Amino acid sequence: MATRAAYFSPSEAQILMEAYEEIKHERAKTDMAAVSGSTVFLLEPPAQAPDDADPGEGPSAAATAHDGDDDEEETISLWIPEGMRYHVKTVKMVCNADCVISNVVAKWPGSVHDSRIFRASEIYQCYHKGVWLPAFSPDTFTDPQEAQQAYNHAHARTRARVEMTFGLLKARFHCLHKLRPNIVLILTDDLDVAIGGMTPLNKTRKLIGDAGISFTNAFVASPLCCPSRASILTGKYPHNHHVINNTLEGNCSSPAWQKTQEPQTFPALLQAYAGYQTFFAGKYLNQERNSKYYNYTLSVNGKPKKHGGNYSEDYLTDVLTNMSLDFLQYKSNYRPFFMMVSTPAPHSPWTSAPQYQDRFKDLKAPRDPNFNVHGKDKHWLIRQAKTPMTNSSIELLDDAFRKRWRTLLSVDDLVEKVVKRLEVRGELENTYIIFTSDNGYHTGQFSLPLDKRQLYESDIRVPLLIRGPNIKPNQTTGLAVQNVDLGPTILDMAGYNVNKTTMDGMSFLPVLGGSVNSSNVEDRLPGGV
């Protein structure tokens, strides 16, 4: 066994630290077997040692690196002067892509009179066939000057090996990362499908629907913003997550909900147990009240940020687009990600971007068979509508219908930019992209001018388009799915065992990949529709 000394530059250390975090999450769901591959330790040295550093004592970190040519193991060691104390971590890559982790904190000699500078057997352990074993000890230097000379001498000869190990680690993580898909969820607000809401979204239909699968029977458990969003996040029906309306008193983002339900939402599970880095931008639950397009306040990692009325800086849909693109650009490349973007469109006040203000000038709300018709055979609330509607009411809803479509054009741009950014980064083929809405909308059905909340097609049926790994393009399915099924499906995509949750929904991932026929799943959906 040979002893070598080496270090990583700050930039290398940063990348390796990200790689270490990925391995740490992988270990939580991986059974370790045998040790082989590459082990490195991560160190970011300061520009210079402190003035009061005592060269008479110091720690060491030792790690074994696979030679690549034979079975010999080589120990890479580093002597650090007193004062340059670091939390040294070792990362062991296993050939079969399983991972072994050992957090190592360098142990310092008990006093300046203790000449044992290296104590590798005490600070580094090796996992082998289910047993933690003491690692091999490197040569021991009793003289700090001798240790430094050995370090300088070894550095030049081992730099190539370090760079090789560093490159191998990045390559291994690239492969490991590719095994686990990224997931993007784009959630619109009040987007119907029954009265033509998807019509203006040409890019979305092409880039997601045509590239994957479109569900014609996707429904929500409750056609109201906060209860529906709570169902999406928790995978539960309203009677189980207890959100009954859009108010704090109705349990919308209440302290009780945050304590009992939020920790079990699928994004929280992805981050805590599946090793995903997570990102959210937009309207979360209704207490944030961000359905405005201008003059609003965002909570950015808990800190308020006010926005005004300048289109180039403040138009909310575009702000969310840019935040999402920044996340994709600067996120870690060594962990899969979940990104959720929740747009204000096409929710009121229906403020479009200036370049789209003149679109659809002659458009009117669809005059379908139940438009401006009294629902005399419907439940009591529907029977209260004034029929026929006044001309001014019809003009109002026609104007709102046009404005809704105009706001959706910016959503269409968002989808296009996200897809293109993923493509440029080489991540598109390994990313599921889901496009849907929290509920539908009605504009004149049963003489109800503008709203949702009703258990009829216009309000409960929503768009659902999905593309991603192993999903064949240009598919359409009539499988009945609900918003409570989204969470289980996303967890299933990430490889998390849905049976560990208390979610009411079920995963329809087998249908996406074609491994199960939709007709065999339809009868098993909980609750039906």
task: Residue by residue through region 243-268, note down the ones that are touching a residue at least 40 places away in the same chain (Cβ under 8 Å) and either of a type in the set (S, T, N, Q) or in contact with a Ser or Thr (Cβ under 7 Å, 6 or more places away or on another chain) (or both).
output: Asn246, Gln264, Thr265, Pro267
- line: Checked against (1) touching a Ser or Thr at 6+ places or on another chain (Cβ under 7 Å); (2) at negative phi, Gln357 satisfies every condition except (1)
- request: Pull up region 350-401, narrow it to residues that are among the aliphatic types (A, V, I, L, M), open to solvent by less than 40 Å² (accessible area, probe 1.4 Å) and part of a helix (DSSP H, G or I), then point me to the one that is farthest from Gly197 (Cα to Cα).
  value: Ile382
query: Does at least one position in region 464-475 carry a residue that is part of a strand (DSSP E or B), at pLDDT 95 or above and not hydrophobic (A, V, I, L, M, F, W, C)?
result: yes
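Among the residues of region 228-242, which ones are open to solvent by less than 10 Å² (accessible area, probe 1.4 Å) and touching a residue at least 24 places away in the same chain (Cβ under 8 Å)?
Ser228, Arg229, Ala230, Ser231, Ile232, Leu233, Thr234, Gly235
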- request: Check region 248-271 and report whether any residue there is touching a strand residue (DSSP E or B) at 6+ places or on another chain (Cβ under 7 Å), open to solvent by less than 10 Å² (accessible area, probe 1.4 Å) and in a helix (DSSP H, G or I).
  value: yes
query: Which ones in region 299-317 are crowded, with 18+ Cβ neighbours inside 10 Å and closer than 26 Å to Ile490 by Cβ?
result: Leu316, Thr317
message: Being under 19 Å from Val184 (Cα atoms) and in a loop (DSSP other than H, G, I, E, B) is the filter here; which residues of region 480-505 pass it?
response: Ala494, Gly495, Tyr496
task: Give me a count of the residues in region 464-481 that are touching an Asp or Glu at 6+ places or on another chain (Cβ under 8 Å) and open to solvent by less than 60 Å² (accessible area, probe 1.4 Å).
output: 3
query: When you scan region 463-501, how many residues do you find that are among the charged types (D, E, K, R) and within 21 Å of Tyr273 (Cβ to Cβ)?
result: 3
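The values are calculated or read from the model by the stated rules, or taken from the named source; none is laboratory data. A quick note: this is a predicted structure, and the numbers were derived from the prediction, not measured. Cβ atoms come from the backbone with ideal geometry, glycine included; neighbour counts cover every protein chain shown. Quick note on the areas: whole protein, heavy atoms, side chains included, nothing else; ligands and nucleic acids left out. Shrake-Rupley method; radii C 1.70, N 1.55, O 1.52, S 1.80 Å.
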